[in-house]
Amino acid sequence: MLGAVRAALVTACFVCMARPVAADDKVSFAMDLMPTLKARCAVCHMTGGEPGGMALTPDTAWSDLVGRDAMGLPSMKRVNPGEPQSSYLMHKLWGSHRTVGGNGSRMPLHQPPLTAALIADFEIWVLAGAPNN
């Protein structure tokens, strides 16, 4: 039993020591992020009339996210290219949105949080300037 606990702790330590996010990593908005936005976000954010005021469907997601003021928090952009810490989307995914003056729930709503790997992909994309690629 102690061996199994020790193995689980060692595994957890290695997971936590994953390499830091770097701007030179490559993430494609269309290929890497859009499937997640479509499956986990567009269910609620379909027309732009929903809370948050954005449509996260393939034809509108990028333009509704990048460089746009965050609804209810105009001091912050939804996605501020190159700046994950000042991108409200990142705070909503990290669950730290209330610490920057935001409100509501962590996203995606009524679902488990995105995996650390998926959140890292969003962060890499923002660091790279949030290209429409």
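Some observations on this one:
- Contour minus Cα-Cα distance for Asn133 and Asn103 (0.36 nm per residue): 7.8 nm
- Net length available on complete extension from Asp69 to Lys26 is 12.9 nm, with 0.36 nm assigned per residue and the Cα-Cα distance removed.
- Full extension of the chain between Thr115 and Val43 gives 24.1 nm of extra length, using 0.36 nm per residue less the Cα-Cα distance.
- Once you reduce the range 88-107 and the range 61-86 to the center of their Cα atoms, the two points are 12 Å from each other.
- Protection proxy ranking, highest mean first, for peptides 56-62, 75-81, 30-36: 75-81, 56-62, 30-36, where packing is the per-residue count of other beta-carbon atoms within 10 Å, averaged.
- Placing unit charges on the Cβ atoms of the charged side chains and taking the dipole of the range 22-127 about its Cα centre, the candidate lying farthest along the positive direction among Gly49, Met90, Ala30 is Gly49.
- Taken about its Cα centre, the range 22-127 carries a charge dipole of roughly 320 debye when the Cβ of each Lys and Arg holds +1 and the Cβ of each Asp and Glu holds -1.
- A cut-off of 5 Å between modelled amide H atoms, ignoring neighbours fewer than 5 places along the same chain, links Ala70 with Met76, Lys77, Arg78.
Every number in this text was worked out from the coordinates using simple rules, so none of it is lab data. Note that the structure is a prediction, hence the values are computed from the model and not measured. Note that each Cβ is placed from the backbone with ideal geometry, even for glycine, and that neighbours are counted across all protein chains shown.
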